[in-house]
Amino acid sequence: MKVRTRIAPSPTGDPHVGTAYIALFNWAFATRHGGEFILRLEDTDAARSTKASEQKIFSALRWLGISWVEGPDLGGPHGAYRQSERLPIYRRHVDQLVANGDAFPCFCTTERLDAMRQAQQAKGETTRYDGHCQNLSAEEVAARIQAGESHVIRMRVPTEGVCAFDDLLRGRIEIPWSQVDMQVLLKADGFPTYHLAVVVDDYLMEITHVLRGEEWINSVPKHQLLYRYFGWDMPAHAHLPLLRNPDHSKLSKRKNPTSINYYRDIGILPEALLNYLGMMGWSMPDEREIFSARDMAEHFELSRISLGGPVFDLDKLSWLNGQYLRALSPDAFGDRIGRWMLNRDKLNALIPLIQQRTGRLDDLAPQLDYLLGNRRLPDAAAFSSNKAPAAQIIDHTLRSLETLGAWERNAIFNVCKSLADHLGLKLKDFLQPLFLAISGREVSLPLFDSMVFLGSDVTRVRLREALDVIGVSKKAAKELEKNYSAFLAATRE
Ligand code: GLU
């Protein structure tokens, strides 16, 4: 049996370091066993999935040096590799489950489901589907479908007993069936849910080992049951420990930049980041800290994974990166700097900003410092001396930029302009705290162009850091959220 593993990201945002971590471990496991590692996109959340995010995932993983042998970009014998292109396959499989009585159409309205959940909550029960449509007669089902009534397909779940399964890292796990919901498999719009798609795809794509994040452990009973209903063997599963912030909470962008591109943009080398991700819960048999992905694959054993939450710590990563940088030959070091920032492409992007503002060429360095390197963030007092409410401006700008499709000057300008209008501020006053957050100064090169040059990841981290410096209490954060919702509601009108 050929070992086959996969990474199955959802293209709904920035390429996440957690995705790279899971990808690396899957790649290392497959490579160790002479197997194959593939990439599949789980884009069943049609509203949030974007082509831009797909491209970012491909290029971030490529930049890291992780390669796959089949995928949406490469094709392959098990395609399509985008779930949105496999709808007839899921439909066929769900029809089979319904025909066998393992799944059933459910016509419950959102209102009914909401009322059901509220009643369950009031009684202190776990909220789960109550089986209302489970035993409708075949005639009634046929008639309602015929009449075009909107419905989903749910899976049947045993009411008693315990689901037991083996995790390659955690041993035997038991979850009572009473905790497992009658999961929706196919949504009213014909899209599968994750649970149906993951089982069908892992089987049809001949995946032998599923290495994924520990947040999926509680989903295994549903998946195991689906494998049983289909009469298929289930692949082996290993649930990897989640990456943590230094305070041991789940890695989140509020506390740690999570986009792979952020690390690229601040000058972390791909091999250093990959090495660091390899240290997340895993170690080389000789405990050495500097190792390549190839070294890792050569020595990879699941038994060397420790389950205590691995901490992703920027200081430790910077230290490791320094080891890599200092070990380069002077020539290679020069090449890396060139590839990173000091190159003609970057200069071309800066020329329109600086040419008309330059009297002597040695004016350049002081103007460009915050674009070519990190800026020194002023203290909270600098922000509070502004006429405008700095925390609110930065918070709202950050929220708007998080959802901005294309990272372009005009789009960023429009975000700021409509927020300034909403807050009744002159654009100049509105921008003042943003200048401080981005450049560390009251006056710098044009703000929107600076943001474009820095890229969305670095820009957003700088805004987040400014909020940290200003200090936003929990109560104030709630208030900001409320105000931002009001802004969104007003702009939708
Ligand atoms: N789309 C899921 C995710 O991004 C994949 C989970 C899995 O590997 O089964 O986390």
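The values are calculated or read from the model by the stated rules, or taken from the named source; none is laboratory data. These figures come from a predicted structure and were not determined experimentally. Positions of Cβ are generated from backbone atoms using ideal geometry, with glycine treated the same way; all protein chains shown enter the neighbour counts. To get the accessible areas, we keep the full protein, side chains included, count just its heavy atoms, and leave off ligands, DNA and RNA. Shrake-Rupley method; radii C 1.70, N 1.55, O 1.52, S 1.80 Å.
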Item checked: Within the chain, percent of DSSP bridges classed antiparallel, to nearest 5 -> 55 percent
Next item on the list: Just the isolated ones, please: cysteines in the chain lacking another cysteine beta carbon under 4.7 angstrom.
Entry: 108, 163, 416
Item checked: Accessible surface, per residue, of the chain when the full set of protein chains is kept, probe 1.4 Å, Å² -> 48 Å²
Next item on the list: Report, by chain and number, residues whose modeled amide H sits under 5 Å from the one on residue 163, excluding near sequence neighbours (fewer than 5 apart, same chain).
Entry: 175, 177
Next item on the list: For residue 409, tell me the accessible area in Å² from a 1.4 Å probe, rounded to the nearest 10.
Entry: 100 Å²
Notebook entry, point to check: Which whole-Hz couplings ³J(HN,Hα) result when phi for each residue of segment 139-154 is put into the Karplus expression 6.51 cos²θ - 1.76 cosθ + 1.60, θ = phi - 60°, listed in order with x for Gly and Pro?
Noted result: 5, 4, 4, 4, 5, 5, 5, 3, 6, x, 5, 5, 8, 10, 10, 10
Notebook entry, point to check: What nm value, rounded to one decimal, do you get for the distance between residue 114 and residue 327 when each label is placed 7 Å out toward the C-beta?
Noted result: 5.8 nm
Check: Within segment 118-253, how many lysine pairs that are 8 or more places apart, or on different chains, have C-alpha atoms less than 29 Å apart?
Finding: 4
Next item on the list: Can you find, among 230, 164, 245, the residue farthest towards the positive end of the dipole of segment 161-299? Put +1 on the C-beta of Lys and Arg, -1 on that of Asp and Glu.
Entry: 245
Notebook entry, point to check: If you find the alpha carbon centre of segment 423-457 and of segment 126-140, how far apart are they in angstrom?
Noted result: 55 Å
Checklist line | Electrostatic dipole magnitude of segment 228-311 [Cβ: Lys, Arg +1; Asp, Glu -1; Cα centre; debye, to 20] | finding: 540 debye
Next item on the list: Order the following by accessible area, largest value first: 441, 294, 154. Probe radius 1.4 Å; ligands, DNA and RNA are ignored.
Entry: 294, 441, 154
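From Cα pairs below 8 angstrom and at least 6 apart in sequence, can you work out the relative contact order of segment 415-469, rounded to a whole percent?
Across segment 415-469, relative contact order equals 26 percent.
Using a 1.4 angstrom probe on heavy atoms only, work out the carbon and sulfur share of the accessible area of the chain in %. Working shown, then result.
Values: 12170 of 23650 Å².
Ligands and nucleic acids excluded, carbon and sulfur give 51 percent.
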Next item on the list: Work out the charge dipole of segment 361-409 with +1 on the Cβ of Lys and Arg and -1 on the Cβ of Asp and Glu about the Cα centre, then indicate which of 405, 381, 392 is farthest towards its positive end.
Entry: 392
Check: Which whole-number percent is the relative contact order of segment 195-276 (Cα, under 8 Å, 6+ apart)?
Finding: 26 percent
Checklist line | Over the chain, relative contact order from alpha-carbon pairs under 8 Å, at least 6 apart, % | finding: 13 percent
Item checked: Student exercise, segment 178-226 dipole from Lys, Arg, Asp, Glu Cβ charges, in Debye to nearest 20 -> 100 debye
